[in-house]
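Single-structure report; data block below.
The values are calculated or read from the model by the stated rules, or taken from the named source; none is laboratory data. Note that the structure is a prediction, hence the values are computed from the model and not measured. Cβ placement follows ideal geometry from the backbone for every residue including glycine, while neighbour counts extend to all protein chains displayed. Note: areas computed on protein heavy atoms with side chains; ligands, DNA, RNA excluded. Shrake-Rupley method; radii C 1.70, N 1.55, O 1.52, S 1.80 Å.
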Number of protein chains: 2
Amino acid sequence: MKAVVHVMLKQGVLDPQGEAVRHALGALGFKGIGAVRQGKVIELDLDRSDPEAARAEVTEMCERLLANTVIESYRIEIA
Amino acid sequence: MKAVVHVMLKQGVLDPQGEAVRHALGALGFKGIGAVRQGKVIELDLDRSDPEAARAEVTEMCERLLANTVIESYRIEIA
């Protein structure tokens with residue numbers, strides 16, 4: 001079973017990586033680009049067959065390690 | 001119009017960040033974790049209304065800046 005976790009900075013938290021990307025795209029000549037946010041995505045192969053158990057386990061992984069929940073939000077997809 | 005770009009290391013390219021996450025999860029007591037891959041996700045707000053034009057523009061952004069296509073693959077979602 002595969003889990004995909006998206007971790008993004010929360011709204012209102014300054015995102016210097018995203019700003020750097022936006023600036024670089026403008027410098028390359030791309031126009032009309034508004035906000036850019038950069039986050040991380042983590043793909044995990046889990047030795048689980050129950051989607052609900054997998055989701056619960058990945059939620060715990062996010063809370064304990066994968067996301068800094070003070071400034072980051074996360075979203076889990078189980079496939 | 002919003003575009004989401006996923007950039008992952010290609011299969012076969014060593015992923016030390018993913019390995020570090022796998023090791024740390026194991027140290028925290030999580031069992032049965034196979035491969036872990038870490039990539040990045042970039043969300044862009046675009047001043048475009050045509051999805052096909054937006055996709056073409058974001059593809060060019062990926063080729064020129066967002067992904068290192070020697071070692072990384074990318075996937076674009078237009079929403």
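Being more than 25 Å from A:Q11 (Cβ to Cβ) and either within 10 Å of chain A (Cβ to nearest Cβ) or not aliphatic (A, V, I, L, M) (or both) is the requirement here; does B:A20 meet it?
No; evaluated as a whole, the condition is false for this residue.
For every residue, the table says whether it meets (1) open to solvent by less than 70 Å² (accessible area, probe 1.4 Å); (2) more than 9 Å from chain A (Cβ to nearest Cβ).
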position: B:K10; (1), (2): no, yes
position: B:D15; (1), (2): yes, yes
position: B:L28; (1), (2): yes, no
position: B:R55; (1), (2): no, yes
position: B:L66; (1), (2): yes, no
position: B:I71; (1), (2): yes, yes
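Go through (1) at pLDDT below 95; (2) hydrophobic (A, V, I, L, M, F, W, C); (3) crowded, with 19+ Cβ neighbours inside 10 Å for B:A79 and report which single condition fails.
With respect to (1) at pLDDT below 95; (2) hydrophobic (A, V, I, L, M, F, W, C); (3) crowded, with 19+ Cβ neighbours inside 10 Å, B:A79 is out only on (3).
Could you grab the pairs with beta carbons closer than 8 Å, sequence gap of 6+ or different chains, first residue in the range B:50-79 and over 21 Å from A:G32 (Cβ atoms), second one assigned to a helix (DSSP H, G or I)?
Matching pairs, first to second residue: B:T69/B:C62; B:T69/B:E63.
Can you name the residue in the range B:1-33 that is assigned to a strand (DSSP E or B) and touching a residue at least 12 places away in the same chain (Cβ under 8 Å) and is also farthest from the chain's Cα centre (by Cα) among such residues?
B:K2
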